[in-house]
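A short worksheet on the structure shown next.
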Amino acid sequence: SDARFKADVSRGRGYEPANLKADDETYYAAPDGVQNVEITSTLPQAASMNAVVLKETISLGQRVGAFTLEARVDGEWKQVAEGTTIGHKRILSFPEVKADALRLKVTKSKDCPVLSFMGAYLAQID
């Protein structure tokens, strides 16, 4: 595993919806027919971060086709990353921010999105 991503600064966070956790055994599945979803992760306190790791529950297929990631900085939502697929693991790097929440918006998917992990990191990126 990559030493740059050891300490998840969002550990202890709460999720809305609640069943997206920091392990590969549980996952969030959008209701059938729902392709656009919003997942918010609220941190116990604001933390500096410059990377987010996302994972889909790949055993159920790769579904996400487009997404944006926002960080709440000083009470304001700011887009920090966007992408197309997530797959087994997607690492998003962005300029460092100090945020107290993250919001993932899936804007396009083949089927209802199924996500197993979202973690935030302050990574030493060369």
Read phi for every residue in the range 58-74 and hand back ³J(HN,Hα) as whole Hz from Karplus 6.51 cos²θ - 1.76 cosθ + 1.60, θ = phi - 60°, with x for Gly and Pro. 5, 4, 9, x, 7, 10, 5, x, 6, 7, 10, 10, 10, 10, 8, 10, 6
Whole-number percent relative contact order across the range 33-126, with pairs defined as alpha carbons under 8 Å at least 6 apart: 47 percent
If I model a spin label as a point 7 Å beyond the Cα along the Cα-Cβ vector, how far apart are those points for I58 and E96 in nm? 3.1 nm
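Would you work out the charge dipole size for the range 18-126 about its Cα centre, treating the Cβ of every Lys and Arg as +1 and the Cβ of every Asp and Glu as -1, and quote it to the nearest 20 debye? Can you show the working numbers first?
Values: 12 positive and 14 negative charges, 38 e Å.
It comes to approximately 180 debye.
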In nanometres, what is the gap between the two model label sites at D32 and Q124, each 7 Å from Cα along Cα-to-Cβ? 5.0 nm
What spacing in nm lies between the two simple spin-label points modelled at T42 and V73, each 7 Å away from Cα in the Cβ direction? 2.2 nm
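The numbers here are math on the coordinates, done by the rules we state, and not lab data. No experiment lies behind these values; they were computed from the predicted model shown. Note: ideal-geometry Cβ built from the backbone for every residue, glycine included; neighbour counts use all protein chains shown.
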